[in-house]
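Remarks on the structure that follows.
The values are calculated or read from the model by the stated rules, or taken from the named source; none is laboratory data. Quick caveat, the model's predicted, so the values are computed rather than measured. Ideal geometry is used to build each Cβ from the backbone, glycine not excepted, and the neighbour counts take in all protein chains shown. Heavy atoms of the whole protein, side chains included, go into the accessibility calculation; ligands, DNA and RNA do not. Shrake-Rupley method; radii C 1.70, N 1.55, O 1.52, S 1.80 Å.
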Amino acid sequence: MNLDGVIKKATQQNKAKVAIAAAEDYEVLEAVSLAVEHRLASFLLYGSEKGIYELIDRNFPQLIGHEDIAIIHAESNDEAAKLAVLAVGSGNAHVLMKGNIPTAMLLKTVLKKEYGLRTGKVLSHVAAFEVPAFDRLIFVSDAAMNIEPDVEQKAHIINNSVQIARATGIELPKVAVLAAVEVINPTMKATLDAAALTQMNNRGQIKNCLVDGPLALDNAISLEAAEHKGIHSEVAGQADILLVPTIDTGNSLYKSLIYFAKAKVAAVIAGAKVPIVLTSRADSAENKLYSLALAICSSN
């Protein structure tokens, strides 16, 4: 499976509806245009009706009057967030997407109990990377949401990542819990957490995946490196999911894969009732399309 395969898988499912909060944004509408071209989804665009129409008229005239586009006026970003969240909370849409609105404002709305998106799970960022010369997608979590998660939070992050990976067709994802070393060191919290999570998986507390750790990055993704260090497990050298110990590690790995390895990426926020797409202005139009496809695959 690669990211083009994720797009193909998304198009083969029942057509999803995406609610976008504050859609009056060129980059967001560019992603919408690409998604409509690929027949990936239909869209509810919440925000300034005038602003959205002007951007579409000037840059994406093919969207004018399109059957997959509905524009709903909102007086403010707060109202746009509320309307978009209510749309997915009520089942009128299947995916939530951030437009020209602060992330904190959107997530604050998502977390309001009365809007029906809270599940009791930890929200976490899950990224799927297509790395040149690798034969599989590599998932990384959490690079954007949880700063320094404890063991319980890491278990939630694994569950979220597994759910996303399984949605792409990986039936039993292999999860490597990363640390700087592959042995348990009482002075290194990351290694203790990794050992606990591995045992939780062995005892059935973390399901639908294989967990092993602590593993350093090299022996998590390279069979040669794992064999060289004498590490033998069903995960070592074959990991699908890399669970990072902190947001600093995750953010550095995320950006290294993009800028050094020239990887393509799709990313969603998991753990709510529906997947959430948080695109960045730095993301390419292609990566935004991949993120939408990953969210759509995960929404069923």
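Structure above, values below:
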| quantity | calculated |
| --- | --- |
| Top-ranked residue in region 112-128 [being at pLDDT 85 or above and part of a loop (DSSP other than H, G, I, E, B); ranked as most open to solvent (accessible area, probe 1.4 Å)] | 121 |
| Members of region 20-45 that are touching a residue at least 40 places away in the same chain (Cβ under 8 Å), open to solvent by 20 Å² or more (accessible area, probe 1.4 Å) and out of contact with any Ser or Thr (no Cβ under 9 Å at 6 or more places or on another chain) | 30, 34, 44 |
| Selected residue (criterion: nearest to the chain's Cα centre (by Cα)) from residues of region 79-109 that are of a type in the set (D, E, K, R) and modelled with pLDDT under 95 | 98 |
| Enumerated helices (runs of 4 or more DSSP H) restricted to region 129-246, each holding at least 3 residues that are open to solvent by less than 20 Å² (accessible area, probe 1.4 Å) | 151-167, 189-202 |
| Single condition residue 6 does not satisfy, out of (1) touching a helix residue (DSSP H, G or I) at 6+ places or on another chain (Cβ under 9 Å); (2) under 24 Å from residue 116 (Cβ atoms); (3) open to solvent by less than 40 Å² (accessible area, probe 1.4 Å) | (2) |
| Residue among 218, 240 that alone is in contact with a Pro (Cβ under 7 Å, 6 or more places away or on another chain), closer than 17 Å to residue 137 by Cα and at pLDDT 95 or above | 240 |
| Residues satisfying the stated conditions in region 101-111, i.e. part of a loop (DSSP other than H, G, I, E, B) and either of a type in the set (Gly, Ala, Ser) or crowded, with 21+ Cβ neighbours inside 10 Å (or both) | 101 |
| Residues located in region 88-108, provided they are farther than 23 Å from residue 290 by Cβ and either in contact with a Pro (Cβ under 8 Å, 6 or more places away or on another chain) or touching a residue at least 40 places away in the same chain (Cβ under 8 Å) (or both) | 89, 92 |
| Filter pass, residue 86 being among the aliphatic types (A, V, I, L, M), in contact with a helix residue (DSSP H, G or I) (Cβ under 7 Å, 6 or more places away or on another chain) and closer than 30 Å to residue 138 by Cβ | no |
| Some residue of region 269-285 being open to solvent by 50 Å² or more (accessible area, probe 1.4 Å) and either assigned to a helix (DSSP H, G or I) or within 20 Å of residue 136 (Cα to Cα) (or both) | no |
| Neighbours by Cβ (under 7 Å, 6+ apart or cross-chain): first from region 182-203, touching a residue at least 40 places away in the same chain (Cβ under 8 Å) and within 23 Å of residue 222 (Cβ to Cβ); second crowded, with 18+ Cβ neighbours inside 10 Å and among the polar types (S, T, N, Q) | 182/219 |
| Out of 113, 98, sole residue that is within 24 Å of residue 30 (Cβ to Cβ) and out of contact with any Cys (no Cβ under 6 Å at 6 or more places or on another chain) | 98 |
| Residue count, region 218-233 (criterion: acidic (Asp, Glu) and either within 25 Å of the chain's Cα centre (by Cα) or within 22 Å of residue 130 (Cβ to Cβ) (or both)) | 2 |
